[in-house]
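S.K.: Let me give you the structure first, and then I'll get to my questions.
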Amino acid sequence: MTARVYRKTMKIGLCGFGVVGQGVWKHLNQRRRELDKRLGVSLEIARIAVRDPAKERKLPLPRKLVTTDPFSIAVDPEIPIVCELMGGTDVAREITLTALRAGKIVVTANKALLSEFGPEIFEAARTGGGHILFEASVGGGIPIIKALREGLVANRFRLIYGILNGTCNYILTRMENEDLNYTDVLADAKRLGYAEADESLDVDGWDSAHKASILAFLAHGTWVRLEDIGVDGIRRISPSDFAFARSFGLRIKLLSVIARNFESNDLSVSVRPMLLPERLVLANVNEVYNGICVAGDVVGTTLYIGRGAGQDATASAVIGDLADAALVLLGGKSPLLPDDAPSIVSGEEDRLRITLPENQESRFYLRLTVKDASGVLARVSASMASNRVSIASVLQSESDLPDCASLILTTHRTNEKAIQDTANDLKAMSVVVEDPVLLQIAEFED
Ligand SMILES: NC(=O)c1ccc[n+]([C@@H]2O[C@H](COP(=O)([O-])OP(=O)(O)OC[C@H]3O[C@@H](n4cnc5c(N)ncnc54)[C@H](OP(=O)(O)O)[C@@H]3O)[C@@H](O)[C@H]2O)c1
């Protein structure tokens, strides 16, 4: 019996044959027959752009498809689908804009690109008649973009929060389970390929911020600039923070929070290490996994968990977009653009106020390393009182530093600005010998 031959072929230009590009090549070839059958059209990778064709790779580079000029793919009239898997925001931006302005479909996994140049990219898609698909940009293999854009289209989103960075989650999980310090786990994560040589984008919270801004755009139709996101990372978390958390039934996770107040029409986005009760499902999302909790006003709370990065999970999301791209080209429905999402009442986005989360109230945890001398606690308390921060509990223990003590304070509900001001005041005191560690105590229900 001969295999059915699909007359229509959709050509894809793959810009990038690195971790994700090779995953897409591998899985697209492995699933070719099933995909062709389901789509009624054959997806064919027709060109591949790399920087260095001579580089050694896990998968052999299909030589006859290779170019070192990704622009030749972006402008090739025979290629309607451009899959941007190069990373970076320079060449990737140019390729994406060129392809969209030519009316093509661009599939990308590049969260930094979308977060930093989202308005320009979506405008190019609108004016050029192209489409941008970006499932792999947030949550790796979790189809969170499709869920927000399509499945949850009836909803308005008061709260979206989640673990969006697998590297940080891996580091925090190992610190917690094995009582290790940050530096040792980071070194291990680098050795195992879970962290980049330059870890700062991940551990300082910026990768999570990029992803959070994409989710905020999908849910609320507006791009929140990175400078308007409150971002803090995980570098200063220590085993003593985990010891405290453990004794109170809490876990520490780096959480991205997108909070919309529909009464005041405020939107705030933050990325912070937080303490959260261990009974919550998200508190138990460990290792490199991501977890995202979406509270919709119609559906209620929904939760998504899966591998947040890596070759296979990311390729799964990219291939999902490639299949959608083929369906669009076959005359199917265009993907819902966030501007068309019903969560945005016409004109409302003009009035939406992007606020730093400083007006929000919460309980906080504050760890101070102080000189072990009399009167220190009184000075700390006075500083908190002058900022109207009310102390709920104080624990004092030994510090690793000589002649120092560790003070762990928790507060009653207070607004974030007050506690930030307190932390800054304390940092300036001569008796406080290290920068304070400040963690929000999350009060999520689900
Ligand atoms: N890795 C993950 O788990 C993951 C997960 C989610 C999203 N992403 C995103 O996916 C994208 C790709 O990540 P990756 O991990 O696959 O990166 P990668 O392994 O570094 O691969 C990048 C590829 O792009 C090629 N390239 C870069 N600049 C180029 C240029 N100017 N011209 C031609 N080719 C160029 C490189 O060529 P050479 O091979 O010749 O150097 C390489 O093949 C990034 O935006 C990343 O943020 C990655």
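Just so you know, all these numbers are worked out from the coordinates, no wet-lab data involved. Every value quoted in this text rests on a predicted model; they were computed, and no experiment measured them. Positions of Cβ are backbone-derived with ideal geometry, glycine not excepted, and every protein chain shown enters the neighbour counts.
S.K.: In the neighborhood of GLU116, defined by Cβ-to-Cβ distances under 10 Å, what is the net charge if each Lys or Arg adds +1 and each Asp or Glu adds -1? Could the numbers behind the result be given before it?
M.R.: Details: positive: ARG93, LYS111, ARG225; negative: GLU120.
Taking every Cβ under 10 Å from that of GLU116, the sum is +2.
S.K.: Still on this structure, I have one more. Given a Förster distance of 22 angstrom, what is the FRET efficiency for VAL281 paired with ALA197, based on the Cβ-Cβ distance and rounded to 0.05? Present the calculation step by step, with values, prior to reporting the outcome.
M.R.: Values: r = 33 Å, r/R0 = 1.50.
That gives a FRET efficiency of 0.10.
S.K.: What's the magnitude of the charge dipole for the chain around its Cα centre, counting Lys and Arg as +1 and Asp and Glu as -1 at the beta-carbon? Answer in Debye, nearest 20. Present the calculation step by step, with values, prior to reporting the outcome.
M.R.: Values: 51 positive and 58 negative charges, 368 e Å.
In debye, rounded to 20, the chain gives about 1760.
S.K.: Now, a different point. ARG246 to ILE391: extension gain in nm, 0.36 nm per residue of separation minus the Cα-Cα distance?
M.R.: Values: separation 145, 0.36 × 145 = 52.20 nm, distance 2.04 nm.
Extending this stretch completely gives an extra 50.2 nm.
S.K.: Next up: Roughly speaking, what is the stretch gain from ASN177 to GLU358, that is 0.36 nm per residue apart minus the C-alpha to C-alpha distance, in nm to one decimal? The partial results should precede the final answer.
M.R.: Values: separation 181, 0.36 × 181 = 65.16 nm, distance 3.20 nm.
Stretched out fully, the ASN177 to GLU358 stretch lengthens by 62.0 nm.
S.K.: ³J(HN,Hα) across the stretch 17-23 via Karplus (A = 6.51, B = -1.76, C = 1.60, θ = phi - 60°), whole Hz, x for Gly/Pro?
M.R.: With coefficients 6.51, -1.76 and 1.60, one gets 10, x, 4, 6, x, 5, x Hz.
S.K.: With springs connecting C-alpha atoms under 10 Å apart, model the chain as a Gaussian network and identify which of GLY118, GLY375, GLY128 has the largest mean-square fluctuation.
M.R.: Fluctuation is largest for GLY375.
S.K.: OK, next. What angle do you read, to the nearest 10 degrees and between 0 and 90, between the alpha-carbon axis of helix 91-101 and the longest principal axis of the chain?
M.R.: Long axis of 91-101 versus the principal axis of the chain: about 50 degrees.
S.K.: Counting Lys and Arg as +1 and Asp and Glu as -1, what is the net charge of the other residues whose Cβ lies under 11 Å from the Cβ of ALA219? All intermediate terms of the calculation are to be shown ahead of the outcome.
M.R.: Numbers: positive: ARG149, ARG156, ARG158, ARG260; negative: none.
Computed value for this residue: +4.
S.K.: I want the local charge near PRO402. Using Cβ-Cβ distances under 14 Å, sum +1 for each Lys or Arg and -1 for each Asp or Glu among the other residues.
M.R.: Numbers: positive: LYS371; negative: ASP372, GLU398, ASP400, ASP403, GLU434.
Value of the local net charge: -4.
S.K.: At most 15 other Cβ atoms within 10 Å and a DSSP loop assignment: could you name the GluC sites (Glu not before Pro) in the stretch 176-208 that fit? Could the numbers behind the result be given before it?
M.R.: Working: sites: GLU176, GLU178, GLU196, GLU199; in loops: GLU196, GLU199.
Passing sites in the stretch 176-208 are GLU196.
S.K.: So what is the relative contact order for the stretch 9-133, in percent, with contacts set as C-alpha pairs under 8 Å and at least six apart? Display every interim value, and only then the final one.
M.R.: Working: 213 pairs, mean separation 31.5, N = 125.
Averaging sequence separation for qualifying contacts and normalising by length gives 25 percent for the stretch 9-133.
S.K.: Straight distance only, please: which aspartates and glutamates reach the Cα of LYS104 with their own Cα at less than 14 Å, same-chain residues fewer than 8 apart left out?
M.R.: Filter leaves ASP76, GLU78, GLU84, GLU94, GLU123, ASP321, ASP324.
S.K.: Kindly identify the stretch 9-133 as rounded, prolate or oblate by the Cα gyration tensor criterion: order the square roots of the eigenvalues as a ≥ b ≥ c, call it rounded if a/c is under 1.5, otherwise compare a/b with b/c, prolate if a/b is larger, else oblate. List each step's numbers first, then the result.
M.R.: Values: a/c = 1.73, a/b = 1.24, b/c = 1.40.
In terms of gyration-tensor shape, oblate.
S.K.: Given springs between every Cα pair under 10 Å in a Gaussian network model of the chain, which of LEU65, LEU366, LEU282 has the largest fluctuation?
M.R.: LEU65
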